[in-house]
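**Student:** Can you keep this structure in mind? I'll have questions shortly.
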Amino acid sequence: MTQRVAIIGAGPCGLAQLNAFEQAREAGADVPELVCFEKQDDWGGLWNYSWRTGLDEHGEPVHGSMYRYLWSNGPKEALEFADYPFEEHFGGPIPSFPPREVLADYIFGRAEKRDVRRHIRFSTAVRWVERSADGKGFSITVEDLTTREKTTETFDHVIVAIGHFSVPNVPEFPGFDRFPGRILHSHDFRDAVEFENQRLLVVGSSYSAEDIALQCRKYGSGPVTISYRTAAMGFDWPEGMEEVPLLKGMDGKTAHFVDGSTREIDAIVLCTGYQHQFPFMADTLKLRTANRLYPADLYKGVFWLEDPDLMYLGMQDQYYTFTMFDTEAWVARDYVLGRLALPDRSERATDIALWQQREERLDGAFDDIDFQADHIADLASMTDYPAFDIDLTRDIFKAWEHHKDANILTYRDRAGFTSPCTGTASPAHHTDWWVALDDSMATYVGERAPASRTG
Ligand code: FAD
Ligand code: NA7
């Protein structure tokens with residue numbers, strides 16, 4: 001009987017998984033039946049940008065957390081697909097910090113190259129996953145969102161790739177119920193222009209807070225106050241931006257902070273992170289974790305400890321993204337294809353514990369980067385993911401951290417990052433990020449914009 005593999009989600013992780021299987025098929029492997037369930041009507045996950053917030057046209061929670069003017073916040077050389085370098089997609093080198101549309105185009109380009117769309121059932125939400133009653137395989141119930149028809153099918157393997165930056169973590173502060181302005185979570189942030197001339201309060205001190213605060217100021221907001229809980233980001237912010245300790249509460253439009261200071265505020269963006277949520281997984285199969293570098297219960301960060309026929313992709317907090325997703329997908333593929341034998345449960349548990357003990361000893365961003373690079377190198381050593389210079393990517397990330405500390409406004413203008421796949425150094429972009437208001441692919445890459453997807 002043909003084996004059946006369910007992949008849940010057609011974002012970068014789900015597409016990486018489909019691509020990995022197609023790569024094996026090209027090399028002559030006998031690949032099982034692949035069915036990828038995607039609740040949106042197109043692929044790309046978070047990169048399938050939508051103006052929508054709240055509920056979608058089917059009444060489903062909107063998955064997207066991407067915003068209109070997002071530019072990559074890390075150098076693209078640290079996320080390059082080893083089997084599909086940027087130069088292959090764009091026909092030559094492009095700068096290192098592309099806007100959203102450019103990165104999305106790169107992701108879609110590889111998916112089109114291997115024609116993985118044929119495996120995807122769009123507008124189909126997974127509603128329930130459990131072990132089949134006879135203990136053989138998994139029973140999956142899905143709903144076709146256009147017909148509202150529910151069906152249940154059986155699969156030998158399940159690969160969960162639904163991301164974890166979609167369900168917002170939304171704290172409340174005293175006085176929010178009487179604040180006479182907009183309060184939103186970064187999940188619902190779309191267009192920075194909305195906040196033109198408004199005095200903004202951003203709560204949080206991680207990637208979303210940094211980027212949304214800067215972006216709003218870039219597109220003409222009034223003064224931006226960033227409130228941190230544990231530690232300030234500490235960048236040398238431009239005029240009109242500052243960091244203060246945690247918000248105590250709002251009194252009308254007046255924000256009170258725990259250091260006793262106050263600011264007048266017109267709108268509040270909560271950049272307070274996301275929750276890992278898997279409402280459709282039976283309790284015994286459900287991953288429970290916070291946003292960390294080595295989630296519990298996943299051997300090699302991928303295989304469900306109790307039952308490796310269930311796999312999760314991309315569940316880690318992320319320095320590395322696409323490269324990590326690829327190596328995870330390659331390893332998952334090799335397990336499904338019977339090319340990779342896993343040790344017994346006790347050895348798997350010991351391995352997870354060792355990685356988690358090391359994670360607990362990490363001291364700062366450089367340690368984090370090395371830890372995640374080691375995770376990727378570990379996976380790459382188990383499979384035939386194409387060779388790339390992972391040590392170079394460690395150096396790239398560390399240089400990037402220095403560049404951010406040196407100047408948070410100009411780090412995206414840096415050039416000369418070397419591709420770990422082709423060895424080519426990136427050119428400088430023609431316009432400084434801080435003044436580049438047009439983020440379209442046509443403006444960013446000029447004649448390198450792939451003709452098929454522009455216009
Ligand atoms: P997602 O992209 O979230 O895709 C998951 C897919 O699963 C979605 O298509 C969703 O519709 C589908 N799905 C969910 N539930 C179901 C269900 N029940 N049934 C069927 N389908 C379902 N990374 C970078 O490399 N560079 C960046 O610049 C960058 N910027 C980011 C900016 C923001 C605001 C955020 C939130 C993240 C950013 N990331 C960035 C990180 C991001 O996590 C990855 O780039 C990537 O999108 C993760 O891919 P994924 O496939 O794991 O998840
Ligand atoms: P992160 O990286 O998970 O960060 C969440 C931030 O929210 C972090 O600074 C937290 O502070 C802060 N937080 C969480 N709860 C609270 C409360 N109750 N009060 C104040 N502050 C709080 O999420 P991001 O959205 O920044 O980044 C996620 C991804 O999106 C990232 O990979 C990027 O690619 C884009 P803490 O430090 O814990 O005190």
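**Student:** Would you mind stating whether SER227 is over 30 Å from ALA16 (Cβ atoms) and either of a type outside the set (Ser, Thr, Tyr) or within 16 Å of ligand 2 (Cβ to nearest atom) (or both)? First the steps, then the outcome.
**Tutor:** Values: over 30 Å from ALA16 (Cβ atoms): yes; either of a type outside the set (Ser, Thr, Tyr) or within 16 Å of ligand 2 (Cβ to nearest atom) (or both): yes.
Criteria met by SER227.
**Student:** Going by the conditions given, is LEU34 outside any loop (DSSP other than H, G, I, E, B) and within 16 Å of ligand 2 (Cβ to nearest atom)? Walk me through how you get there before you give the answer.
**Tutor:** Details: outside any loop (DSSP other than H, G, I, E, B): yes; within 16 Å of ligand 2 (Cβ to nearest atom): no.
So LEU34 fails the test.
**Student:** Can you run down the residue pairs with Cβ atoms below 8 Å, 6 or more apart or on separate chains, where the first is in region 173-194 and at positive phi and the partner is buried (at least 16 other Cβ atoms within 10 Å of the Cβ) and of a type outside the set (Asp, Glu)?
**Tutor:** That search, which allows pairs on different chains as well, returns GLY175/MET250.
**Student:** Among all residue pairs at least 6 apart or on different chains, which show Cβ distances below 8 Å where the first residue, located in region 421-435, is surrounded by 14 or more Cβ atoms within 10 Å (Cβ to Cβ) and the second is aliphatic (A, V, I, L, M)?
**Tutor:** Close Cβ pairs (under 8 Å, with a partner that is aliphatic (A, V, I, L, M)) amount to CYS421/ALA82; SER426/ILE94; SER426/ALA415; HIS429/ALA415; HIS429/ALA436; TRP433/LEU409; TRP434/LEU409.
**Student:** Continuing with this model, one more query. Hey, could you check region 195-204 for residues that are in contact (Cβ under 8 Å) with a residue 40 or more places away in the chain and either over 19 Å from MET250 (Cβ atoms) or not in a strand (DSSP E or B) (or both) and say which is nearest to ligand 1 (Cβ to nearest atom)? Please lay out each step first, then the result.
**Tutor:** Of region 195-204, the ones in contact (Cβ under 8 Å) with a residue 40 or more places away in the chain are 195, 198-204.
So of that shortlist, the ones also either over 19 Å from MET250 (Cβ atoms) or not in a strand (DSSP E or B) (or both) come out as 195, 198-199, 204.
Details: PHE195: 16, GLN198: 20, ARG199: 23, GLY204: 12 Å.
Filtering region 195-204 for residues that are in contact (Cβ under 8 Å) with a residue 40 or more places away in the chain and either over 19 Å from MET250 (Cβ atoms) or not in a strand (DSSP E or B) (or both), the one nearest to ligand 1 (Cβ to nearest atom) comes out as GLY204.
**Student:** Residue by residue through region 65-79, note down the ones that are near ligand 1 (Cβ under 8 Å from one of its atoms) and part of a loop (DSSP other than H, G, I, E, B).
**Tutor:** Within region 65-79, the subset near ligand 1 (Cβ under 8 Å from one of its atoms) is 65-67, 70-74, 79.
Within region 65-79, SER65, MET66, TYR67, LEU70, SER72, ASN73, GLY74, LEU79 qualify.
**Student:** Is it true that THR323 is in a helix (DSSP H, G or I), more than 16 Å from ligand 2 (Cβ to nearest atom) and at pLDDT 95 or above? Walk me through it before giving the result.
**Tutor:** Numbers: in a helix (DSSP H, G or I): yes; more than 16 Å from ligand 2 (Cβ to nearest atom): no; at pLDDT 95 or above: yes.
No.
**Student:** Let me ask something else about it. Exactly one of these conditions fails for ALA353: (1) surrounded by 14 or more Cβ atoms within 10 Å (Cβ to Cβ); (2) assigned to a helix (DSSP H, G or I); (3) among the hydrophobic types (A, V, I, L, M, F, W, C). Give me its number.
**Tutor:** (1)
**Student:** Here are the criteria: (1) part of a helix (DSSP H, G or I); (2) farther than 30 Å from GLU239 by Cα; (3) not assigned by TED's automatic domain parsing to the domain that holds ALA78. Tell me which single one LEU379 does not satisfy.
**Tutor:** (3)
**Student:** Kindly indicate whether any position in region 292-306 is within 16 Å of ligand 1 (Cβ to nearest atom), part of a strand (DSSP E or B) and at negative phi.
**Tutor:** Within region 292-306, one or more residues are within 16 Å of ligand 1 (Cβ to nearest atom), part of a strand (DSSP E or B) and at negative phi.
**Student:** Please enumerate the residues belonging to region 221-244 that are surrounded by fewer than 16 Cβ atoms within 10 Å (Cβ to Cβ), farther than 20 Å from ASN407 by Cα and of a type outside the set (Val, Ile, Thr).
**Tutor:** ARG229, the sole residue that qualifies.
**Student:** Note down all Cβ pairs under 6 Å where the first residue falls in region 1-28 and is in contact (Cβ under 8 Å) with a residue 60 or more places away in the chain, the second is among the acidic types (Asp, Glu), and they're at least six residues apart or on different chains.
**Tutor:** The qualifying pairs are GLN3/ASP156; ARG4/GLU33; ARG4/ASP156; ALA10/GLU38; ALA16/ASP326.
**Student:** Only residues that are near ligand 1 (Cβ under 10 Å from one of its atoms) and surrounded by fewer than 19 Cβ atoms within 10 Å (Cβ to Cβ): list them for region 152-166, please.
**Tutor:** none
The values are calculated or read from the model by the stated rules, or taken from the named source; none is laboratory data. Small disclaimer: the values here were computed from a predicted structure and weren't measured. Here the Cβ is made from the backbone with ideal geometry for all residues, glycine too, and neighbour counts use every protein chain on show.
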